[in-house]
Amino acid sequence: MPLMNSKNSKATLGKRRVTIRDIAEEVGLHFTTVARALKDSDLVKRETAQRVKAAAERLGYQADPFVSAFCSYRSSHLKQGYRGNLSWINGFHSPDYFESEATGYYKECYEGAKERCRELGFKLVPFWYGEPGMSAKRASQIIHSRGEAGLIVAPMPPSIDKLDMRWDSFCSVRIGYSIPDVPLTNVVSDHFGNMKLLCSQLESLGFSRIGFACKEWIDKRVEHKWSGAFQLRRYSAERERYLPMFLSENEDDFHAFESWIRLNRPEVLIIGGVTSYPEFLERMRMRVPEDIQLVSVSLEHDHAGFYAGIDQEAKVVGAVAVDQLAGIVRRSHVGLESAPKTIMTSGFWRGGRSCDPALLAK
């Protein structure tokens, strides 16, 4: 089905029942996100739910009464009782990091996982792998003795890139790329697709000088998918819009960043991860968005409103990780995967004051 727009959507769909997939195409979200939004799921942000419902009303969507009745019957007759604990492996500096300190993507992954555990009858129990003196052997013994139904390897700090657990004793999944050598089912944001989506959005807004700045170690943590997608764009039909990337190996790279900005003069700058580049622009006395516009390929919710960029829907990542683990537990599949899967979830564009294409004409 071709992508619809608001001008012809109703005319195109007027002869048949509008489906959730039609709404998904209209708003540019995955159909599962649309379904959750229509059911007021806590996994979908209020602004997204409002946008989905507005599109549903505009297209004339009506829930199929037979499907609704079946889902209601299934929900009321298949209520899950307590099914056990799932361990959430926390490698950060404090035992309650994900409960009280984490922000942005990490926090939302954890919240999405907790919510899905409640729905499925599990309890998510953090396990502090970052405790002083903790080893993979000791962690394996403790988790095994507690009789956990399964474990989720959460995103780890950069200091931990290996985790030699007794994987043959557990049902396990991981989130992200931080433990790359462990062949487990992996749930991640579609970093490559998100960068492509962001570039397409900036092209449609009329930007002709698009730059990308990121720390090398951050781009490496997403397996260079951001830089790869951006570089691919530089060789596309729109190549003239894209500037050479600024990938820095140094934390204190203000002078190199300043020289790159002065030389390339981007109209809009894409940043990846939490970096100091917005502060660097302020030191250079460059105003956002008046002098340079700024978007993020990994938008933090704490910055939403001012910053524009790609919302990675991290709650969905956490929920999908629990879904996958629940299936592994149900199949009693203990140990590493012979053919590990990587499951990617898509983000969506979220506007903000840092990106105002109307300023391009001034």
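FYI, it's all coordinate maths here, none of it is from the lab. Just so we're clear, the structure is a prediction, and the values are computed from it rather than from any experiment. Every residue, glycine as well, gets a Cβ built from its backbone with ideal geometry; the counts of neighbours run over all protein chains shown.
Which order results if His93, His224 are arranged by neighbouring Cβ count within 10 Å, fewest first? Please report the intermediate quantities before stating the final value.
Details: His93 13, His224 16.
Least crowded to most crowded, the residues run His93, His224.
Of the chymotrypsin sites (Phe, Trp or Tyr not before Pro) found in segment 201-237, those in coil by DSSP whose Cβ has at most 12 other Cβ atoms within 10 Å are Tyr235.
Let's test the formula: R0 of 22 Å, r as the Cβ-Cβ distance of Leu263 and Arg283. What FRET efficiency results, to the nearest 0.05? Efficiency for this residue pair is about 0.80.
Here segment 199-250 and segment 318-362 have alpha carbon centers that stand 20 Å from each other.
The Kirkwood radius of segment 82-163, taken over pairs of alpha-carbon atoms, gives through the Stokes-Einstein law at 4 °C and 1.567 mPa s a diffusion coefficient of 99 µm² s⁻¹. Shown for Ile175, Ile270: other C-beta atoms within 10 Å of each C-beta, ranked fewest to most, produce the order Ile270, Ile175. When only DSSP loop residues count, what trypsin sites (Lys or Arg not before Pro) in segment 103-211 have their Cβ near at most 13 other Cβ atoms within 10 Å? When the trypsin sites (Lys or Arg not before Pro) of segment 103-211 are filtered for loop state and at most 13 Cβ neighbours within 10 Å, Lys162 remain.
For the set Lys45/Lys341; Lys53/Lys162; Lys45/Lys220, the pairs lying more than 32 angstrom apart at their alpha carbons are Lys53/Lys162. Candidate cross-link partners of Lys215 among the aspartates and glutamates, defined by an alpha-carbon separation under 12 Å and a same-chain spacing of 8 or more, comprise Glu249, Glu251, Asp252, Asp253.
Computed from label points 7 Å out along Cα-Cβ, the spacing between Lys123 and Arg58 is 4.6 nm. Among the trypsin sites (Lys or Arg not before Pro) within segment 246-339, those in coil by DSSP and having at most 14 neighbouring Cβ atoms inside 10 Å are Arg285, Arg287, Arg331. Sorted fewest first by neighbouring Cβ atoms within 10 angstrom, Lys341, Lys225 come out as Lys341, Lys225. Taking volume of the Cα convex hull per residue in Å³ as calculated from this structure, the corresponding entry among [x] 151; [y] 135; [z] 159 is [z]. Taking GluC sites (Glu not before Pro) as exposed when their DSSP state is a loop state and no more than 16 other Cβ atoms lie within 10 Å, the longest site-free interval of the chain runs over 1-222. I'd like the distance between the alpha-carbon centres of segment 146-172 and segment 85-128, rounded to an integer number of Å. Each part reduced to its Cα centre gives a spacing of 13 Å. Restricting attention to the chain, close to 10% of DSSP beta bridges with both partner residues there are antiparallel. Between Asp40 and Ser332, what FRET efficiency follows from the Cβ-Cβ distance if R0 is 25 Å, with the result rounded to 0.05? It comes out at approximately 0.15.
Cross-link reach is defined here as a Cα-Cα straight distance under 19 Å, omitting same-chain residues fewer than 8 places apart; for Lys137 the aspartates and glutamates meeting it are Glu148, Asp161, Asp164, Asp168, Asp181.
Annotation for Ala339 and Ser100: the two label points, set 7 Å from Cα along the Cα-Cβ direction, are 4.6 nm apart.
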